[in-house]
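Asker: One structure is given below, represented as C-alpha cells, and several questions about it will come after.
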Amino acid sequence: MESIKRSLQDLAQMNQFDPEALQSEIFKQIKPDPVTGTVDMTYPLTTKGGDQIELSAGWGQTGIVGRVGLKFTNFSIQSLFNKGYKRAGFLPQGDGQTLSLQVQTNGTYYQNYGLSFLEPWLGGKRPNQLSFSIAYSKQSDMNSNFINQNYYNNFYNYMYGTGSNSNYYTDAYDPDKYVKMFSASLGFGKRLRWPDDYFTFMAELSYVRYMLKSWNYFLIQDGNCNNINLSLSLQRNSTDHPFYPRRGSEFLFQVTATPPYSLWDGKDYKNLATNPQSARYQKETQEKYRWIEYHKWKFKFRNFTALTGAVKAPVLMTRVEFGLLGAYDRHKKSPFETYYVGGDGMSGYSSGYATETIGLRGYDNGSLAGNATSDAYAYSRMTLELRYPLMLESSTSVYALAFLEGGNAWHDVKKFNPFNMKRSAGVGVRILLPMVGLMGIDWAYGFQKYVNGQKAGGGQFHFIIGQEF
C-alpha cells in the first residue's frame, strides 16, 4: 500500500495528470488474482493542461506596467526541430520539460525579460534535474526638470484653476539615469536515497551584474557590481497534491555564498567609503562593492495535516521560516540580497533588483523593512492556516482559508529574535485555473498599526499570484 501511495504522489507532482481523478479511481482498478497470488492494477491517468499564460497590468509613476508570462510544462527540447514529433501548435511536447518566458515593461522606463528551462529527468533513468535561466532588466529614471515642472504646475493649477494636470511621460524619460541587471544561472539537482528518497540535493551557480549610472535611489549611484555565488540546497517534499496537499511536509535548507574577496584582496574596508560628504565617496563606494560578497542562510518548513478522512477534508497548514544575510568582513556588508519585508510579497520593480521580497499579510509592502526602514539582514515568519476545499476539479480548483501569521525583520543580525513578532490574522481564497495558474486574494488585519513611527498595519487586501513555499 505504501508503494501505491508513493506512486500516486510522484504522478501528482509531475503536474501532467489530474490528481483528484487519480486518487478517487485508483482503488477501483485493483484486481486481485487468487490463482497466482498477484494483483493487477491500472493507473487511471487523466491528462490535464499544465501550460499557463499570465497577463497583468499595474499603474505606476511612469504609467502602465504590463506583464506577460508563458509557461509550457510538457516541453521537449530534443524534438524542437523534429517535424514528426508530437506538437501543440508549433511546440514539441512529451518530455515533461518546463520552458518559461516572461516580459514585463511599460515601454521606455522599465523592461524585464526572462527565460528559464528545466529538465526533470536528465539522462532519462532517474529524476535528476538540470536547470538554466537568463534574464535582463533595465529601469530608467525621470528627468529632474520634468518632476519639478510638474510639481509646480500642479501647485499653480490647484491654486488658480489654470493649465493642465496631464503628465507627458515621453518628456520625462532620462536615458542617462538607470540601473541595468543581467543574470544567468545553471543548476543541477539529484534525488537522494538517504535519509529517504523524498530528499533532493540542489546546486546552482549564478552570476549577476549590476550596472548603475546616476542612480540616486541606492547606496551605489555609479559603477558596476558583480555577484558570483554558489547555492547549495537540501530539500524534502512528501506532500500528496501540488495545489491542495492533505498530508506530508515540505522542507528547505539553503546556503548561498560568494567568494570571500576581502580575505585576500588587501583592501582596508574599515576606512573605505565612510564619509558621504567626501568628494571621493562615490568612487570609493564603487571600489568597495565592485565584487559583492556575503553568505546567506535560509530555512523553510511547511506541514499539512488533514483534519478528517474525507476527500474534501479541511487541512491545517503550519509554516516556519528564517533567513539571515551574513558578511565575511563587518565593514563590507552587502547592500544587495537584503530582505524587503511586509505586504503581499509582490513589491513590483522598484526595489527588486537589490532585495529578496518576503510577504507578511496585514502590513503594507516593505513596512517592516525596505520602505520606512533600511533593508533587513535577518527575518522570521510563522503561519498557522486552516484551509477548506470548495472545488477540486481538473478544470478549476478553489479553497478558502483563515490564518494567523507573525513575523519580523532586523537590520542588525545580533538582534534576531523569532519570538518578537508583528502579528496579523485574516481570511482569503485561492483559485487554480489551468491556463492561468494560481491566484488569490486575502484580507488581513495587522495588529501592529505603526512600525518606527510609520503606518504599517491595520486592514489590508492582498492579491496573490503564483505558488508560494
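Asker: Pairs under 6 Å by beta carbon, first residue touching a residue at least 60 places away in the same chain (Cβ under 8 Å) and closer than 15 Å to ARG430 by Cβ in region 380-399, partner of a type in the set (Val, Ile, Thr) and not in a loop (DSSP other than H, G, I, E, B), six or more apart or different chains?
Answerer: These pairs meet every condition: ARG387/VAL315.
Asker: Select the strands (runs of 3 or more DSSP E) contained entirely in region 267-342, then report the ones holding at least 2 residues which are touching a helix residue (DSSP H, G or I) at 6+ places or on another chain (Cβ under 9 Å). Reasoning before the result, please.
Answerer: Working: elements: 295-306, 315-326, 338-341.
Qualifying strands (runs of 3 or more DSSP E): 315-326.
Asker: Taking GLN460 as the residue in question, decide whether it is within 30 Å of VAL68 (Cβ to Cβ), at pLDDT below 90, within 23 Å of the chain's Cα centre (by Cα) and of a type in the set (S, T, N, Q). I'd like the intermediate steps shown before the answer.
Answerer: Numbers: within 30 Å of VAL68 (Cβ to Cβ): yes; at pLDDT below 90: no; within 23 Å of the chain's Cα centre (by Cα): yes; of a type in the set (S, T, N, Q): yes.
So GLN460 fails the test.
Asker: What number of residues within region 209-242 are among the small types (Gly, Ala, Ser), within 29 Å of LYS300 (Cα to Cα) and exposed (fewer than 15 other Cβ atoms within 10 Å of the Cβ)?
Answerer: So the answer is 0.
Asker: Now for a different question. Please determine whether any residue of region 321-332 is under 21 Å from SER183 (Cα atoms) and either under 22 Å from the mean Cα position of the chain (by Cα) or not assigned by TED's automatic domain parsing to the domain that holds TYR113 (or both).
Answerer: Pass one, region 321-332, residues under 21 Å from SER183 (Cα atoms): 325.
From the residues that got through so far, the ones that are either under 22 Å from the mean Cα position of the chain (by Cα) or not assigned by TED's automatic domain parsing to the domain that holds TYR113 (or both) too are 325.
Yes, that holds for at least one residue.
Asker: Is there a residue in region 443-453 that is assigned to a loop (DSSP other than H, G, I, E, B), among the basic types (Lys, Arg) and without any contact (Cβ under 8 Å) to a residue 24 or more places away in the chain? Walk me through how you get there before you give the answer.
Answerer: First, the residues of region 443-453 that are assigned to a loop (DSSP other than H, G, I, E, B): 447-449, 452-453.
Pick out the ones that are also among the basic types (Lys, Arg) and you get 449.
Within this subset, residues satisfying the condition of being without any contact (Cβ under 8 Å) to a residue 24 or more places away in the chain are 449.
Scanning region 443-453 turns up at least one residue that is assigned to a loop (DSSP other than H, G, I, E, B), among the basic types (Lys, Arg) and without any contact (Cβ under 8 Å) to a residue 24 or more places away in the chain.
Asker: Kindly indicate which of LEU368, LEU404 is over 30 Å from TRP215 (Cβ atoms), more than 17 Å from the chain's Cα centre (by Cα) and touching a residue at least 12 places away in the same chain (Cβ under 8 Å).
Answerer: Values: LEU368 fails: over 30 Å from TRP215 (Cβ atoms).
After ruling out the rest, the residue left standing is LEU404.
Asker: Same structure again: Taking region 230-266, which residues are assigned to a strand (DSSP E or B) and at positive phi? Give the derivation first.
Answerer: So the first thing to find is which residues in region 230-266 are assigned to a strand (DSSP E or B), and the list is 230-237, 247-257.
Within region 230-266, GLY248 is the sole residue that qualifies.
Asker: Sort through ALA310, ALA279, ALA273 and tell me the only one that's crowded, with 16+ Cβ neighbours inside 10 Å and either of a type outside the set (Phe, Trp, Tyr) or within 30 Å of GLN104 (Cα to Cα) (or both).
Answerer: On the way: ALA310 fails: crowded, with 16+ Cβ neighbours inside 10 Å; ALA279 fails: crowded, with 16+ Cβ neighbours inside 10 Å.
Testing whether each residue is crowded, with 16+ Cβ neighbours inside 10 Å and either of a type outside the set (Phe, Trp, Tyr) or within 30 Å of GLN104 (Cα to Cα) (or both) leaves just ALA273.
Asker: Residue by residue through region 422-444, note down the ones that are surrounded by fewer than 19 Cβ atoms within 10 Å (Cβ to Cβ) and either acidic (Asp, Glu) or within 14 Å of GLY359 (Cα to Cα) (or both).
Answerer: First, the residues of region 422-444 that are surrounded by fewer than 19 Cβ atoms within 10 Å (Cβ to Cβ): 423, 425, 427, 429, 431, 433-439, 441, 443.
Passing the criteria: ARG423, ALA425, ILE441, TRP443.
The values are calculated or read from the model by the stated rules, or taken from the named source; none is laboratory data. Here the structure is a predicted model, which is why all the values come from computation and not from measurement. All Cβ positions, glycine included, derive from the backbone under ideal geometry; neighbour counts span all protein chains shown.
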